[in-house]
Amino acid sequence: MAEPQADEASLEQQLNATSLSSSLTLDQKFAIVRSIGEECIQEDELRNLLDKKPEPVCYDGFEPSGRMHIAQGVMKAINVNKLTSAGCRVKIWIADWFAKLNNKMGGDLKKIETVGNYFIEIWKAVGMDLEGGKVEFLWSSKEINARADEYWPLVLDIAQKNNLKRILRCSQIMGRSEQDELTAAQIFYPCMQCADIFYLKADICQLGMDQRKVNVLAREYCDDIKRKNKPIILSHHMLPGLLQGQEKMSKSDLSSSIFMEDEEADVNVKIKKAYCPPQIVEGNPCLEYIKYLVLPWFHEFTVERSESNGGNKTFKTFEELTAAYESGEVHPGDLKPALSKALNKILEPVRQHFKNDKNARELLKKIKAYRVTKLTGSPSNELVSSMLILENFQILGNSFFLECSILFLQQYSVLYYHRQRLFFFHFEALSNVT
């Protein structure tokens, strides 16, 4: 189904003006919840659910794997806060066993647990509304073990009712393709994720468009077992990478992603280099960030310019902004600094949390150390410490912190001598990066 044409800003005003979901009308609840999804299967079922059930259960899940980018952090907080404001309960499934099945963090459950705790710290810091107990973080390993006699028969039944070809079609949910050489664990993965929906008693599957296929599998399973009430699929938009042609933000491409604890200078450099063709809206990642992050957060977007260049201008809706951009009234040179400023304002509380909170600071240090070990194959404390020093290292006037250094590690050579505890980098291509 097509995304509704409801005004995003007006929906946010409804949300902020109403503190208690009980005072919302059915139309208001539906508008708020539906605004989250790029696609909804099915809208009539969603409206009926919101009408009949006071606290519908929404489910989302994530594999703990590496640092959190802005789509996971900010969009998730926006969506969860909308759901709880409309009376929903949200179960966030920390899929630690799934990360192991998918060989994330080398399949090391201790590292996966560290990443999961780091994710929770970010959501707390960025402003996800965790008051009142409407949001639960559930670790898959603990929850499955608690009721294994209920979970595993469900997984086996789903597996029995589907052939291998149908399961392979779901490989996208793991960031894989049907053509990849999958392990047996990765083939079993979709059956487990499908089972999660029923195990958690979810009314709404609120995941990204990349998880759509397994959610559809869950609805098909309902047909197989003659179950009338099917889980509703509410799939949110996937933010693109910052570079041209990147349909999805990627953690592995450091220049395509803004991470939740990126420094202000990092954000500025990444947005400055982002793809943003003049007068073109379609496929413009900078405009998408404004639509899905800035406008829902601040309810407006302000471009600051000198009077000779047209003066400051504030846009309340995405439609106003795109009209001005397509006409040439707003230039990329106006748009990018304003976008950087807005994103940095959103991220500043997260930065402060990871600087000032001892537990959060230690978690981030471990995450960065895991990445160094993965790239160099060495767990040496000396090497990790040396890499972390690069957070404050400036190259050619730009702040290229650990992320940029790791980009060089990936693209060029690293010579590490265990006995001397030395490492060397080739920076010949600096001019291409800057």
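So here's what we get for this one:
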quantity: Protection-proxy order for peptides 212-220, 48-56, 361-369, each taking the mean of Cβ atoms within 10 Å per residue, highest first; calculated: 212-220, 361-369, 48-56
quantity: Under-5 Å amide H pairs with Ile232, H placed in peptide plane, nonlocal only; calculated: Ile204, Cys205
quantity: Accessible area in square angstrom per residue, the stretch 264-371, 1.4 angstrom probe; calculated: 48
quantity: Point-to-point label distance, Ile187-Asp51, nm (Cα→Cβ direction, 7 Å offset); calculated: 4.5
quantity: Sequence ranges 64-75, 284-295, 155-166, ranked by mean other-Cβ count within 10 angstrom, highest first; calculated: 64-75, 284-295, 155-166
quantity: For the stretch 26-236: rounded, prolate or oblate by the Cα gyration tensor [a/c cutoff 1.5]; calculated: oblate
quantity: Sorted peptide list for 112-122, 141-151, 269-279, 339-349, criterion being average Cβ within 10 angstrom, highest first; calculated: 112-122, 339-349, 269-279, 141-151
quantity: At R0 = 41 Å, FRET efficiency that the Cβ-Cβ distance of Asp129 and Glu39 yields, to 0.05; calculated: 0.95
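The values are calculated or read from the model by the stated rules, or taken from the named source; none is laboratory data. Nothing here was measured: the structure is a model prediction, and the numbers come from that model. Ideal geometry is used to build each Cβ from the backbone, glycine not excepted, and the neighbour counts take in all protein chains shown. Please note that ligands, DNA and RNA were not included when accessible areas were found on the heavy atoms of the full protein model with its side chains. Shrake-Rupley method; radii C 1.70, N 1.55, O 1.52, S 1.80 Å.
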